[in-house]
1. When you go through 13, 97, 28, 59 one by one, which is the residue that is open to solvent by less than 90 Å² (accessible area, probe 1.4 Å) and either more than 13 Å from the chain's Cα centre (by Cα) or within 18 Å of residue 144 (Cβ to Cβ) (or both)?
2. May I ask you to list the residues in region 84-94 that are assigned to a helix (DSSP H, G or I) and surrounded by fewer than 16 Cβ atoms within 10 Å (Cβ to Cβ)?
3. Please go through region 21-49 and pick out each residue that is under 20 Å from residue 120 (Cβ atoms) and in a strand (DSSP E or B).
4. I'm trying to understand the selection: among the residues of region 58-83, which are part of a strand (DSSP E or B), touching a helix residue (DSSP H, G or I) at 6+ places or on another chain (Cβ under 7 Å) and not small (Gly, Ala, Ser)?
5. Any residue in region 64-83 that's open to solvent by 40 Å² or more (accessible area, probe 1.4 Å): show its pairings with residues that are hydroxyl-bearing (Ser, Thr, Tyr) at Cβ separation under 8 Å, as long as the two are six or more apart or on different chains.
Amino acid sequence: AVTFSFKKAKYEDLLISNFKGKVKNWKDHPVVDLSIECDAELNQVKTLLKKAIHKKPFDEFLGRYRKMAGQTKVIVKMAGPLEQPERMRVTGTILLDKGYLERDPFVHPFEQVEGKIHFQYKPALSKGREVKENFPWIIQFHDFSGHWGNSQVSISGELDLGQNSPFEKLTGQFQLAASDVKHLLHTFPSEDEFHQLLENGEFLNGYVEG
């Protein structure tokens, strides 16, 4: 086996601060066990994730974000046959600090966003060189919090990119400032009478929490 450790490296435009691991059978069919750490702009991470996770639901999920900015720390571990990426196990964490997100259909951007994104891909065990069925990519959001307009928001949940039944399950808690009530109602229009009553009103002071 070949063991290596680099304190500085570069992949495309991404500067890597810690790249280490080992490679077995490097002459024939290399099997790797790698660990990568880097600091990157959120938009760079978005581009890399789109390349790594070729799933239509994930592309659609990312497509809702018109703009992303902010600093992140990324930690990724990969293990498996280098010639067969579909058989490699991948786990990682993205730490977001003071992020800025513009997301459809929201009018206001999410600002000062902090939180953790955990992602993993675990291929099914199989005989020979063929993978018959893969476990899904799973992306989890932990302790996300930030500002939306004059309101405070926290979000957690999971994006499951299974081959047959991809789904998004996100839950949020918010303290909605009075000045943002109409913006949120316009974001999610409804014919409900209570919704219409709120939409036609004017809120100058106070908050909604839920």
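The values are calculated or read from the model by the stated rules, or taken from the named source; none is laboratory data. These numbers were taken from a predicted model, which means no experiment stands behind them. So basically every Cβ, Gly included, is an ideal-geometry build from the backbone, and we count neighbours across all protein chains shown. Side chains are part of the model used for accessible areas, which takes the heavy atoms of the whole protein and leaves out ligands, DNA and RNA. Shrake-Rupley method; radii C 1.70, N 1.55, O 1.52, S 1.80 Å.
1. On the way: 13 fails: open to solvent by less than 90 Å² (accessible area, probe 1.4 Å); 28 fails: open to solvent by less than 90 Å² (accessible area, probe 1.4 Å); 59 fails: either more than 13 Å from the chain's Cα centre (by Cα) or within 18 Å of residue 144 (Cβ to Cβ) (or both).
Criteria check complete, one pass: 97.
2. Step one: list which residues in region 84-94 are assigned to a helix (DSSP H, G or I), which gives 85-87.
Listed by number, the residues that qualify are 85, 86.
3. Within region 21-49, 21, 31, 32, 33, 34, 35, 36, 37, 38, 40 meet the criteria.
4. Residues of region 58-83 part of a strand (DSSP E or B): 65-81.
Add one more test, that the residue is touching a helix residue (DSSP H, G or I) at 6+ places or on another chain (Cβ under 7 Å), and what stays is 68-70, 72, 74, 80-81.
Residues satisfying the conditions are 68, 72, 74, 81.
5. Pairs found: 67/100; 75/35; 75/93; 77/35; 77/91.
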